[in-house]
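Trainee: Let me give you the structure first, and then I'll get to my questions.
The values are calculated or read from the model by the stated rules, or taken from the named source; none is laboratory data. Bear in mind the structure is a predicted one, so any value in this text is a computation, not a measurement. We place every Cβ from the backbone using ideal geometry, glycine too, and count neighbours over all the protein chains shown.
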Amino acid sequence: ACGSSGGQSGGSADDGKITMGFAQVGAESGWRTANTKSIQEAAAAAGIDLKFSDAQQKQENQIKAIRSYIQQKVDVIAFSPVVETGWDTVLLEAKRANIPVILTDRSIDSDDTSLYKTFLGSDFVEEGRKAGDWLVANTQGETNVVELQGTTGAAPAIDRKKGFEEKIAARPDIKIVATQTGDFTRSGGKQVMEAFLKSTPDIDVVYAHNDDMGLGAIEAIKAAGKVPGQDIRIITVDAVKDGMQALANGEINFIVECNPLLGGQLMDLAKKIVAGEEVPPRVVTEETTFTSEQAKAALPERKY
Ligand code: AHR
């Protein structure tokens, strides 16, 4: 369908095939790799022609990719916004070109909800709450937490912090003594944890906004001669295979799941939207949590 003009959405269905332009955040984490694979496989299975770009965690690259999809007159644009703000101009361009937009995984901060048709993804505040609930139930007395935040300005970083803080607020003995971004990467988590271990005495708990940063923190903790999971307990979000393995080994203590397998639902939504059907404005992903025992049981079946 791509390349033609007119019709309800960007390109009319001349060859019957839907063309989707997908602007991915990057390849910063195991979660992202699984998410990309899910989208590529689901597009192929649904017979959707996928144009895919990797923004290397830079908003300007994502904006460029979206503009190029508009120029190419794709039928639908989907993207996972690297940060929450600054999207109105380019999304208005898509709207004026009659190309529907689907937010995938991460949402945007805009008053104009007409800029996108739906938002498919997790409830990140709820994920932060689950992490906070576990800590509140599993610690007594003075507890010093260091927080490894996701990418500055990204919805999952903002919301996971918010949900966690909400739950520990009732416990003045639990304190976040240091917090910094590790950009959702393993190397970022390691570097920031190395600095925390030097600057911050008596760290009891690491709260990492994703598995990769938690895995980086494990390396830093070991290098400092401490035992991850025992001397310093670790809570993470995602539940990718490497994280689940560390949880099963007792080096991570608790993981809140964030499901990257959004491809199938995304293609279903795209087909409906291009066909002019109504879709719900918000589709929330179902997720669980894992203790070490639960990770051991789940690992053999884990797909990513
Ligand atoms: O937006 C989802 C988050 O992005 C994942 O939790 C993290 O691993 C990824 O980089």
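Trainee: If you take the residues of the range 40-59 that are part of a loop (DSSP other than H, G, I, E, B) and farther than 19 Å from GLY150 by Cα, which of them is nearest to the chain's Cα centre (by Cα)?
Mentor: Across the range 40-59, the extreme among qualifying residues is ILE48.
Trainee: For the range 201-215, give me each residue that is modelled with pLDDT of 95 or more and either buried (at least 24 other Cβ atoms within 10 Å of the Cβ) or farther than 19 Å from ASN253 by Cα (or both).
Mentor: VAL206, TYR207, ALA208, HIS209, ASN210, ASP211, ASP212, MET213, GLY214, LEU215
Yes or no, residue by residue, for (1) assigned to a strand (DSSP E or B); (2) of a type outside the set (D, E, K, R); (3) within 16 Å of the ligand (Cβ to nearest atom):
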| residue | (1), (2), (3) |
| --- | --- |
| SER110 | no, yes, no |
| VAL125 | no, yes, yes |
| LYS130 | no, no, yes |
| GLY141 | no, yes, no |
| THR152 | no, yes, yes |
| ALA157 | no, yes, yes |
| LYS162 | no, no, yes |
| ARG171 | no, no, no |
| ASP202 | no, no, no |
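Trainee: Among all residue pairs at least 6 apart or on different chains, which show Cβ distances below 9 Å where the first residue, located in the range 178-200, is of a type outside the set (Ser, Thr, Tyr) and the second is surrounded by fewer than 17 Cβ atoms within 10 Å (Cβ to Cβ) and in a loop (DSSP other than H, G, I, E, B)?
Mentor: Between residues of the range 178-200 that are of a type outside the set (Ser, Thr, Tyr) and residues that are surrounded by fewer than 17 Cβ atoms within 10 Å (Cβ to Cβ) and in a loop (DSSP other than H, G, I, E, B), the close pairs are ALA178/THR200; ASP183/THR152; MET193/ALA224; GLU194/ALA224; LEU197/ALA224; LEU197/LYS226; LYS198/ALA224.
Trainee: Restricting the range 95-129 to residues that are in contact (Cβ under 8 Å) with a residue 60 or more places away in the chain and over 16 Å from the mean Cα position of the chain (by Cα), which is surrounded by the fewest Cβ atoms within 10 Å (Cβ to Cβ)?
Mentor: THR113
Trainee: I'm told VAL206 meets every condition in (1) part of a helix (DSSP H, G or I); (2) within 16 Å of the ligand (Cβ to nearest atom); (3) in contact with a Lys or Arg (Cβ under 8 Å, 6 or more places away or on another chain); (4) of a type outside the set (Ser, Thr, Tyr) except one. Can you identify the failing condition by its number?
Mentor: Tallying (1) part of a helix (DSSP H, G or I); (2) within 16 Å of the ligand (Cβ to nearest atom); (3) in contact with a Lys or Arg (Cβ under 8 Å, 6 or more places away or on another chain); (4) of a type outside the set (Ser, Thr, Tyr), VAL206 fails exactly one: (1).
Trainee: Being more than 11 Å from the ligand (Cβ to nearest atom), assigned to a strand (DSSP E or B) and farther than 16 Å from LEU299 by Cα is the filter here; which residues of the range 224-265 pass it?
Mentor: PRO228, ILE232, ARG233, ILE234, ILE235
Trainee: Output the number of the condition that GLY264 fails; it satisfies all remaining conditions of (1) farther than 25 Å from PHE52 by Cβ; (2) under 21 Å from the mean Cα position of the chain (by Cα).
Mentor: Condition (1) is where GLY264 drops out.
Trainee: Give the residues of the range 2-39 that are away from the ligand (no atom under 16 Å from the Cβ), part of a loop (DSSP other than H, G, I, E, B), at pLDDT 60 or above and under 30 Å from the mean Cα position of the chain (by Cα), sorted by residue number.
Mentor: Once the filter is applied, which keeps residues that are away from the ligand (no atom under 16 Å from the Cβ), part of a loop (DSSP other than H, G, I, E, B), at pLDDT 60 or above and under 30 Å from the mean Cα position of the chain (by Cα), the range 2-39 yields LYS17, ILE18.
Trainee: Just give me the residues in the range 144-159 being farther than 30 Å from SER110 by Cα and buried (at least 21 other Cβ atoms within 10 Å of the Cβ), in sequence order.
Mentor: Within the range 144-159, VAL145, VAL146 qualify.
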